[in-house]
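Scroll down for the structure; my scribbles are underneath it.
Nothing in this text is a laboratory measurement; each read-out follows from the coordinates by a stated rule. Not measured: the values here are computed from a predicted model. Here the Cβ positions follow ideal geometry from the backbone for every residue, glycine too, while neighbour counts run over all protein chains shown.
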Amino acid sequence: MASLSIITLLKHDHKEFNDLLQRAQLTDEHTMRAALSARINEALTLHTSFEEEMIYPVLEQQEETNDDALAAIEEHLQIKTLLRDLAGMDTEGDAWKAKITVLAEVIKHHVKEEESDGGLFDELADILDHDDLLFLAEEYTALKEEADASSR
């Protein structure tokens, strides 16, 4: 997996988030909702932290991408707030389902901003060379493996 760029890995995460959020929205089973909520929280927390520490600073340094990076950081704040809210909610109620639906909508918008033509990922690819994108992928893969090992 180290031969993949960070952009490919982050896009893979986006597909995983979409799948988890769809499953969460479709289930009414309390235990499954709780398990999916925990998985979503863990995956999104790792993903957003990595982007904020390793990706967005690169974009913030460039005048032409600074505003896009700052907007993405604000979107991450919305995501984190929704995750905190979900973590404290009873998964049996309709309020939980409404909150997970809003999270899915925010994520969908954020992914569009990152993956669209001329979006953050294209901007990142214009700024960094291939080796830098591979290095970030290796860093992210190691971080995910470490998180996976510690959750066992």
message = So, in region 86-129, how many residues would count as being surrounded by fewer than 15 Cβ atoms within 10 Å (Cβ to Cβ), of a type outside the set (A, V, I, L, M) and farther than 30 Å from Ser5 by Cβ?
response = 6
message = Could you check region 95-106 and list, in sequence order, the residues that are of a type in the set (A, V, I, L, M, F, W, C), touching a residue at least 24 places away in the same chain (Cβ under 8 Å) and closer than 16 Å to Leu26 by Cβ?
response = Trp96, Ile100, Leu103, Ala104
Any hit, region 127-142, residues being within 17 Å of Lys11 (Cβ to Cβ) and among the β-branched types (Val, Ile, Thr) = yes
remark   = Within region 51-72, the residues that are surrounded by 17 or more Cβ atoms within 10 Å (Cβ to Cβ) and in contact with an Asp or Glu (Cβ under 8 Å, 6 or more places away or on another chain) are Leu59, Thr65, Asp68, Ala69, Ala72
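Would a scan of region 50-61 turn up a residue that is without any contact (Cβ under 8 Å) to a residue 60 or more places away in the chain and within 10 Å of the chain's Cα centre (by Cα)?
yes
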note = Note: among Glu75, Glu114, Glu92, just one is in contact (Cβ under 8 Å) with a residue 24 or more places away in the chain, closer than 16 Å to Lys11 by Cα, in contact with a helix residue (DSSP H, G or I) (Cβ under 6 Å, 6 or more places away or on another chain) and among the acidic types (Asp, Glu), namely Glu114
query = Can you list the helices (runs of 4 or more DSSP H) found entirely within region 91-152 that contain at least 3 residues being farther than 21 Å from Thr65 by Cα?
reply = 94-115, 130-150
